[in-house]
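Since the structure comes first, as structure tokens, the remarks are kept for the end.
None of the figures in this text is laboratory data; all of them are computed from the coordinates on show. Everything quoted here is computed from the prediction, not taken from an experiment. Because the Cβ atoms are built from the backbone with ideal geometry, glycine has one as well, and the counts that use them run over all protein chains shown.
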Amino acid sequence: MGATVYFSKTITPEKVLELYKLAGKELTGNVAVKVHSGEKGNQNFLRPEFWKPLVDHTGGTIVECNTAYEGARNTTDRHQKLMEEHGWTKVFDVDILDAEGPDLVLPIKNGKNIKENYVGKNIEKYDSMLVLSHFKGHPMGGYGGAIKQLSIGVASSYGKGYIHGVGNPDNFWTSDHDQFLESMAEAASSVIDSFKGEIVYINV
């Protein structure tokens, strides 16, 4: 049985809140809100003000993880500074899930390429998750959306390299592309399993 998907051509803060309510699943407990915090100098991300009515409705905490490549998000200090520059911390509580180690290791059921997923350990603090994705092209991941948010997005800095390298971070840029895509899906499945279905997805 397929999932029920609601679609609107209108893209406003009010409309995404309306669509969340239409989904008919109210997230409870401590809610993690997974966003893309935005690369430094890149304008192609949805701003905190856009998400504010929805995040306020859920009472959630914005969560992110550090990157595995050089840049403004590859260390906790740099990432927190960028979150401030992009306005996230002015509007919401923010949690860098892998700010401190060790990583949390999630088992992957029936994984063909990888058997475990290294994620930011702070994810254990949350009872449910709201996955907010902006739909865009990516040179390795193809069209990024909820699967990328749940896999690369929730993985720790080490975990990102582990997925990209199909179990070997040393092969970050040289792994088989199809196996990398499959590894993303496998990693995402472990996060879904850990929340036991307490997840709502919104793609813009």
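Find the relative contact order for the chain and round it to a whole percent, using C-alpha pairs within less than 8 Å whose residues are 6+ positions apart.
Relative contact order of the chain: 23 percent.
Once you have a ≥ b ≥ c as the square roots of the Cα gyration tensor eigenvalues for the range 84-159, tell me rounded if a/c is under 1.5, and otherwise prolate or oblate according to whether a/b is larger than b/c. Write out the running numbers ahead of the final one.
Details: a/c = 1.94, a/b = 1.19, b/c = 1.64.
Verdict is oblate for the range 84-159.
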Practice task
Amide H neighbours of Val33 under 5 Å, at least 5 residues apart or on other chains, H built in the peptide plane: list them.
Solution key: Thr61, Ile62, Val63, Leu130
Problem - Cβ charges +1 (Lys, Arg) and -1 (Asp, Glu), total dipole of the chain, debye - result: 460 debye
Completion exercise
Counting only DSSP beta bridges with both partners in the range 75-204, the antiparallel fraction in percent, to the nearest 5, comes to 60 percent
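Give me the net charge of Gly197's neighbourhood, meaning all other residues with Cβ under 12 Å from the Cβ of Gly197; Lys, Arg count +1, Asp, Glu -1.
That works out to -1.
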Practice task
Rounded to the nearest 0.05, what FRET efficiency do Glu124 and Phe45 give with R0 = 25 Å and r taken as the Cβ-Cβ distance? Could you check?
Solution key: 0.40
Completion exercise
Using eta = 1.567 mPa s and T = 4 °C, Stokes-Einstein with Kirkwood Rh from Cα pairs puts D for the range 121-204, in µm² s⁻¹, at 99 µm²/s
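Among 93-101, 192-200, how do they line up by average Cβ neighbours within 10 Å per residue, starting with the highest? Please list the in-between numbers first.
Working: 93-101: 18.1, 192-200: 15.2.
Final packing ranking: 93-101, 192-200.
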Practice task
For each pair in Lys21/Lys121; Lys148/Lys196; Lys15/Lys136; Lys109/Lys148; Lys9/Lys136, compute the distance between the two Cα atoms and list the pairs where it is over 27 Å.
Solution key: Lys21/Lys121
